[in-house]
Amino acid sequence: MITFENVSKKFGQRPILGELNFTVNQGEFISVVGPSGSGKSTILHLILRLEQPSEGRILVGAKDLGGFSHHDLQNYRRSIGTVFQDYKLLPGKSVFENVAFPLEICNYAPAEVSRLTKEALEKLELTHLQDQLPEQLSGGEAQRVALARAVVHKPRLILADEPTGHLDEDNARRVAQHLLRLNMEGIAIILTTHNQTLVELLNQRVFHLHNGNLLF
């Protein structure tokens, strides 16, 4: 699905990642573990092509991500759902509107927007909160809304960047259980975290990031 071939990344003269080589297969669940500042988020930014490798290349299937046209890149990004530590929900929009937003900007038909949004809310156990605003939600609820928004367009891959960083243990466990269920449906997941307890709970493939290098 995604292959890193000798990928390194520098910001100026500062090395962040050094010669990473790994493959993510369709339907895999991978936890990338490391302390803050170790480059975990940079890996996700490279996969989204928000950053370009300083050296090496990233393959999507057999195609070099660096050579994607604007059109191909847009289609590729639409096959990915993203979840962040700070939720990034839109203030002033209800839970339903937040989850529906990615479909609306991709010009889905209104009936399809409604159907897919209701389906995502039900999947994440959020139907009863669909009229609430983000500021009315707990942290755990807000992160589940963010996860519903990430899966509403039925992505092949979810990138989850420290999704439980602001949550207590119970809510972190609940988010982890939802991620596992989504993975069982065939969605590949790459999760970054420094929470070793969460990694042990997930019990999936783990990459340890240390000084810019991956230890398997």
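The values are calculated or read from the model by the stated rules, or taken from the named source; none is laboratory data. As the structure is a prediction and not an experimental result, all values here were calculated from the model. So basically every Cβ, Gly included, is an ideal-geometry build from the backbone, and we count neighbours across all protein chains shown.
Tabulated values for the structure
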read-out: Residue within region 1-10 that is farther than 23 Å from residue 156 by Cα and in contact with a helix residue (DSSP H, G or I) (Cβ under 7 Å, 6 or more places away or on another chain) present; value: yes
read-out: Of all residues making up region 41-66, the number that are among the hydrophobic types (A, V, I, L, M, F, W, C) and part of a loop (DSSP other than H, G, I, E, B); value: 3
read-out: Filter result for residue 145 (part of a helix (DSSP H, G or I), surrounded by 20 or more Cβ atoms within 10 Å (Cβ to Cβ) and out of contact with any Lys or Arg (no Cβ under 7 Å at 6 or more places or on another chain)); value: yes
read-out: Residue under evaluation residue 70, criteria (1) of a type outside the set (Phe, Trp, Tyr); (2) farther than 30 Å from residue 205 by Cβ; (3) touching a residue at least 12 places away in the same chain (Cβ under 8 Å); (4) exposed (fewer than 13 other Cβ atoms within 10 Å of the Cβ), criterion not met; value: (3)
read-out: Selection within region 175-205 - in contact with a helix residue (DSSP H, G or I) (Cβ under 7 Å, 6 or more places away or on another chain) and surrounded by fewer than 18 Cβ atoms within 10 Å (Cβ to Cβ); value: 180, 201
read-out: Every residue from region 175-212 that is within 25 Å of residue 139 (Cα to Cα) and of a type in the set (Lys, Arg); value: 181
read-out: Qualifying position, being crowded, with 19+ Cβ neighbours inside 10 Å and either in the same structural domain as residue 15 (by TED's automatic domain parsing) or more than 18 Å from residue 175 (Cα to Cα) (or both), among 95, 113; value: 113
read-out: Condition met for residue 111 (within 25 Å of residue 1 (Cα to Cα), among the small types (Gly, Ala, Ser) and at pLDDT 95 or above); value: no
read-out: All positions within region 67-124 that are within 23 Å of residue 50 (Cβ to Cβ), part of a loop (DSSP other than H, G, I, E, B) and within 17 Å of the chain's Cα centre (by Cα); value: 78, 79, 85, 86, 87, 88, 89
read-out: Any hit, region 22-38, residues being in a loop (DSSP other than H, G, I, E, B) and among the aromatic types (Phe, Trp, Tyr); value: no
read-out: Restricting region 148-161 to residues that are surrounded by fewer than 21 Cβ atoms within 10 Å (Cβ to Cβ) and charged (D, E, K, R), the residue that is nearest to the chain's Cα centre (by Cα); value: 161
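The rows are residues; the columns are (1) in contact with a Pro (Cβ under 9 Å, 6 or more places away or on another chain); (2) at positive phi; (3) not hydroxyl-bearing (Ser, Thr, Tyr).
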site	(1), (2), (3)
66	yes, no, yes
72	no, no, yes
79	yes, no, no
89	yes, no, yes
93	yes, no, yes
99	no, no, yes
104	yes, no, yes
112	no, no, yes
121	no, no, yes
